[in-house]
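Enquirer: Have a look at this one.
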Amino acid sequence: MELRIQRAVVANLSTRPNAVESGPFVLGLDHGTDSPHINYATPVPGAEITAADVVDLVTAFAGRPPRLEYVTSCAPGLEKLLLDAGFAVEVRNEYLTCTPATLVPHPVPAGFELFIPESDGEIAGVIAVQNEAFGSPGNADPAAIDRQRRVRRHGGVFVGARTTDGRYAGGGGTVVPSDGICEVGGIAVGAAHRRRGLAGAITAAIAGRLFGAGIEVAWLEASGGDSWRVYERVGFRPAGQRLYVARY
């Protein structure tokens, strides 16, 4: 499973509009945003990696801060090469996986509804809630809306949540699926609507849509104990470790 997930990460980054291959790495660049959580690299599993490859990788970022995310077991010697080159570990995250057999349906709490954002206004409204929840308050710019539409055109899922009187309350989505696997991310609920079960409902709805489209495995990362418990209740189970490392 670890190898399969790393291959899916490589495939996803390759779909970015300005993706670059640098030796044993793929850089998922998108010139429409400066976000390091979108513009990052990952190693091709099984490829031999040298210190010279790391130097070339830094150059390939063309002035952007070089950053990587990857399943640690798929490139066991890479961390030392990166640290020797001046990189620093940002975080080590456990990731969790879910299959149709483990998914637990989660009811939408009273007073809310889930929907698929279609118009620019709906997409922007959900993204604004996500931005606020993740500490970057602000409206969605046209590039962010286009990015979301591009992912959906390639099989991704985007689910929004709103109150029954029309206020945007949360949302979440996926990357582009690959080889029967898809990463779920951006699960967010506005501060005024938390601890009511909405995050679980959003996560379960996204996973359910993936499985309904034939995806075999959904995976995600938990940022803390609260989110970990939410995802486990939905049917996600610990499966491995990923490393975030960067040089700023």
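Enquirer: Which listed residue (Ala191, Gly171, Val217) has the Cα farthest towards the positive end of the charge dipole for the stretch 144-218, taking +1 on Lys and Arg C-beta and -1 on Asp and Glu C-beta about the Cα centre?
Expert: Among Ala191, Gly171, Val217, the one farthest towards the positive end of the dipole of the stretch 144-218 is Ala191.
Enquirer: Check which residues have an amide H placed less than 5 Å from Tyr95's amide H, if you skip close sequence neighbours.
Expert: Hits under the 5 Å cutoff: Ala239, Gly240, Gln241, Arg242.
Enquirer: If you don't mind, there's one more thing I want to ask. R0 = 22 Å: FRET efficiency of Ala62 with Ala246, Cβ-based, nearest 0.05?
Expert: Numbers: r = 16 Å, r/R0 = 0.71.
According to the calculation, E is roughly 0.90.
Enquirer: OK, next. About its Cα centre, how strong a charge dipole does the chain have in debye, to the nearest 20, once Lys and Arg get +1 and Asp and Glu get -1 at the Cβ?
Expert: Working: 23 positive and 26 negative charges, 112 e Å.
Once rounded to the nearest 20, the dipole reads 540 debye.
Enquirer: Between Ser22 and Ala143, what is the FRET efficiency for a Förster distance of 25 Å, r being their Cβ-Cβ separation, to the nearest 0.05?
Expert: Values: r = 24 Å, r/R0 = 0.96.
Once rounded, the FRET efficiency stands at 0.55.
Enquirer: Could I ask something else about it? In nm, to one decimal, how far is the Val104 label point from the Arg167 one, both placed 7 Å along Cα→Cβ?
Expert: Inter-label distance under the simple model: 2.9 nm.
Enquirer: Then there is this: Just how large is the dipole of the stretch 128-248 about the Cα centre, in debye to the nearest 20, putting +1 at every Lys and Arg Cβ and -1 at every Asp and Glu Cβ? Before the final figure, lay out the partial values.
Expert: Numbers: 16 positive and 10 negative charges, 31 e Å.
Taking the Cα centre of the stretch 128-248 as origin, the dipole is about 140 debye.
Enquirer: What is the gain in length, in nm to one decimal, between His37 and Ala88 on full extension, counting 0.36 nm per residue of separation less the C-alpha to C-alpha distance? Spell out each step's value before the answer.
Expert: On the way: separation 51, 0.36 × 51 = 18.36 nm, distance 1.57 nm.
Length gained between His37 and Ala88: 16.8 nm.
Enquirer: Then there's this: To the nearest 20 debye, what charge dipole does the stretch 2-95 have about its Cα centre, counting +1 at the Cβ of each Lys and Arg and -1 at the Cβ of each Asp and Glu? All intermediate terms of the calculation are to be shown ahead of the outcome.
Expert: Working: 7 positive and 12 negative charges, 32 e Å.
Value, rounded to 20: 160 debye.
Enquirer: How far apart, in nanometres, would the label points at Asp120 and Ser227 be if each is projected 7 angstrom from Cα along the Cα-to-Cβ direction?
Expert: Between Asp120 and Ser227, the simple spin-label model gives 3.0 nm.
Enquirer: So if each residue of separation counts as 0.36 nm, and I subtract the Cα-Cα distance between Met1 and Ala191, what length gain in nm does that give? Could the numbers behind the result be given before it?
Expert: On the way: separation 190, 0.36 × 190 = 68.40 nm, distance 3.48 nm.
Answer, rounded to one decimal: 64.9 nm.
Enquirer: Using each residue's phi in the stretch 159-173, evaluate 6.51 cos²θ - 1.76 cosθ + 1.60 at θ = phi - 60° and report the 3J(HN,Hα) Karplus result to the nearest Hz, with x for Gly and Pro.
Expert: Whole-Hz 3J(HN,Hα) from phi for the stretch 159-173: 10, x, 10, 8, 6, 5, 9, x, 8, 5, 10, x, x, x, x.
Enquirer: How far is helix 142-153 tilted, in degrees, relative to the longest principal axis of the Cα atoms in the chain, given as a value from 0 to 90 rounded to the nearest 10?
Expert: Rounded to the nearest ten degrees, it is 90.
Rule-based calculations on the coordinates, nothing more; no lab input. Just so it is clear, the structure is predicted and the values come from calculations on it, not from any experiment. FYI the Cβ positions are ideal-geometry reconstructions off the backbone, even for glycines, and counts take in every protein chain you see.
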